[in-house]
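Take a look at the structure below.
The values are calculated or read from the model by the stated rules, or taken from the named source; none is laboratory data. Just so it is clear, the structure is predicted and the values come from calculations on it, not from any experiment. Methodologically, a virtual Cβ is constructed for each residue, glycine included, from the backbone with ideal geometry; neighbour enumeration extends over all protein chains shown. Just so you know, the surface numbers come from the protein's heavy atoms only, side chains and all, with ligands and any DNA or RNA stripped out. Shrake-Rupley method; radii C 1.70, N 1.55, O 1.52, S 1.80 Å.
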Amino acid sequence: MTDHIRSSSSVADDAATRIADLRSRPRRTVLAVPGSSVKMIAKAKGLPVDEAFLDLEDAVAGPAKIEARSNVVDALVSGGFTAQTVVVRVNAWNTEYTVGDVTEVVGRAGAHLDALLLPKVRSASEVVALDLVLSQVEKSAGLPVGYIGIEPQIEDALGLTNINEIATASPRVLTLVFGPADFMASIGMRTLTVGEQPDGYAPGDAYHHVLMSILVAARAHGLQAIDGPFLKVRDEEGFRRAAARTAALGFDGKWVLHPAQVDAGNEVFSPRQEEFDKAEGILATYAHSTSVEGGARGAVMFGDEMLDEASRKMALVVSARGRAAGMTVSSQGSADA
Ligand code: GLV
Ligand code: MG
């Protein structure tokens, strides 16, 4: 069946299903790849990250921006990414490039693309504008309308202030992504090192309010929350420390800039084996005890902890993340259950 003879409601249903699939994919590691570097794109294809994004924005110098579009199109069309989700970061609306980026990349390679990452989003209207342009380009390229997602990046005080409107500006929105470098610059934070705490602010986490605001808005609207880069790429311990903080809050993943950050990112944003085993144990115990055969009990002991319906919800989160990461219950876990 071709798109033009399908009813518009079935196309819309398909788009909703596609967007739901994109929203549920793992994004423990999101690899940033400069679109101007054919060499780095080739290397990126083999890296075991969950999402890779080809950058047309801040990792590409002004004079290389136009040529980078062709590199990105060629890379998408030739395929071969290990990453399950492939995204392109277009330039922000305050440049002269956004419409051209979308037209070139989606027009020529939209069938090979999952989403566009939109940087420096300050208001819902920027997401609406991208949605409208995307719909036109999808139509003129013969692509189904609404299949390409949008990942808005929150990078300044105004964007954070408008975060709930941004999150709900289009059905295409998949995630909310933190841009710490631009954000720190926008609020005047006194540091030049992205990902580390500013000197003089200890103890405590100077990003806590921003991170929690992004996370709460994402969860309020059924989206994923993604942390941005840690720029000292050779400092694996520092990367782990920063990633562990946002993973502990509940973020789904973090950008990685270098192969050395990939394994650490995948590990930190997956549940630990004993956590996964425990979650699966809680789900099995709770399912049994609340069933008629198990006595229809709503509160039940699991080891020395009392479980109820809220415990089941917490366990579901860990279980879903573990399963998405390909985990199974260990023999030790099944022995304990
Ligand atoms: C990423 O875009 C950042 O500004 O940190
Ligand atoms: Mg930025």
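For the reader, a short list of remarks on this structure follows.
- When His112, His209 are compared by accessible surface with a 1.4 Å probe, the order from highest to lowest is His209, His112.
- 5 angstrom amide H check on Lys254, placed H, neighbours 5+ away: Thr29, Val30, Asp227
- Dipole magnitude for the chain: computed about the Cα centre from +1 point charges on Lys and Arg Cβ and -1 point charges on Asp and Glu Cβ, it is near 340 debye.
- Region 273-336: projected area of the alpha-carbon convex hull, averaged over directions, in nm²: 4.2 nm²
- Note on the chain: with neighbouring protein chains present and a 1.4 Å probe, carbon and sulfur make up 57 percent of its accessible heavy-atom surface.
- Signed unit charges on C-beta, dipole axis of the chain, positive-most listed residue Ala225, Ala287, Gln84: Gln84
- Think of the chain as a dipole: +1 on every Lys or Arg Cβ, -1 on every Asp or Glu Cβ, centred on the Cα centre; then among Val30, Gly107, Ser10, Gly107 lies furthest on the positive end.
- Solvent-accessible area per residue in the chain equals 46 Å², computed with a 1.4 angstrom probe and all protein chains kept.
- Value of Rg to Rh for region 186-239 (Rh from inverse mean 1/r over Cα pairs, i.e. Kirkwood): 1.01
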